[in-house]
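Enquirer: One structure, as structure tokens, below. Some questions next.
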Amino acid sequence: MSAVAKICGVNSVPAVEAAARADFVGFNFFPRSPRYVKPELARFLADRLPRRVRRVALIVDLDDTAIDAILSGFRPDILQLHGAETPARVAEIRRRTGLPIMKVIGVSDGADLDAATAYLDVADRLMFDAKPPKRVGALPGGNAVSFDWTLLAGRNWKLPWMLAGGLTAANVAAAITTAGAPAVDVSSGVEDRPGHKSPRLIRRFLAAVRAV
């Protein structure tokens, strides 16, 4: 069985049509991101996807009012928490919204993976992504940066998990094989410029995942 694939940061009709063969499609609600979408646009794009594709809403350190505003216009299948949300906050969002939660864990070394255990009882899924570059204005994700995939090799998690960070059609097979990843997520790796998804690159990425 090939790995599960998620295309994140989709914000146009051509991109969402190309991503329709993925397993998950993510919509980015982080205002500073070039991939940002409003709830109304996310709903319009999500309606073009087959029902089997799971819709994911990416949010970053939002309060309850901001989350409710998004959910009033767009109802995802999963919330992806891509900020510094504590385990307690993850549990609270999960309880309030009634939605499954995918918590993103920023990774640069093995200690970061150890810290992920605190989320195992409050999240439904994990995503391991490279920590953002140490520069002013760096985004929480989508920075075309990877981490040492061997850190994940041989690890067993009781939750489903995804690998993210710097993935492209050219390296995703090696990433899956090295990390033992059952699922992968891509954003910048299928863009021809920040925030502009390339349908051609999306199709190439999905083909590369399916070929593993």
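Enquirer: Given the range 4-210, what percent of its DSSP beta bridges are antiparallel, to the nearest 5?
Expert: Bridges in the range 4-210 are about 5 percent antiparallel.
Enquirer: Summing +1 for each Lys or Arg and -1 for each Asp or Glu, what net charge is found among the other residues whose Cβ lies under 13 Å from the Cβ of residue 51?
Expert: That sum, taken over residues with Cβ under 13 Å, equals +1.
Enquirer: Keeping to pairs on different chains or 8 or more places apart, tell me how many lysine pairs in the range 4-210 have Cα atoms under 18 Å apart.
Expert: Counting lysine pairs in the range 4-210 gives 5.
Enquirer: Next question, about the same structure. Hey, can you rank 184-196, 114-126 by average C-beta count inside 10 Å, highest first?
Expert: Result, highest mean Cβ count within 10 Å first: 184-196, 114-126.
Enquirer: OK, next. So how strong a dipole does the range 4-210 carry about its Cα centre when Lys and Arg Cβ are +1 and Asp and Glu Cβ are -1, to the nearest 20 debye?
Expert: Value, rounded to 20: 680 debye.
Enquirer: Okay, next question. Place the peptides 31-42, 151-162, 76-87 in order of packing, highest mean first, counting for every residue the other Cβ atoms within 10 Å and averaging per peptide.
Expert: Packing proxy ranking, top to bottom: 76-87, 31-42, 151-162.
Enquirer: Compute the separation of the alpha-carbon centres of the range 178-212 and the range 41-101 and state it in Å as a whole number.
Expert: First find each Cα centre; the distance between them is then 22 Å.
Enquirer: A follow-up question, please. Taking 7 Å along the Cα-to-C-beta vector as the label spot, tell me the residue 211-residue 171 distance in nanometres, rounded to one decimal.
Expert: 1.8
Values quoted throughout were computed directly from the atomic coordinates according to the rules given, and no laboratory measurement underlies them. Since the structure is predicted, the reported quantities are computational estimates derived from the model, not experimental observations. FYI the Cβ positions are ideal-geometry reconstructions off the backbone, even for glycines, and counts take in every protein chain you see.
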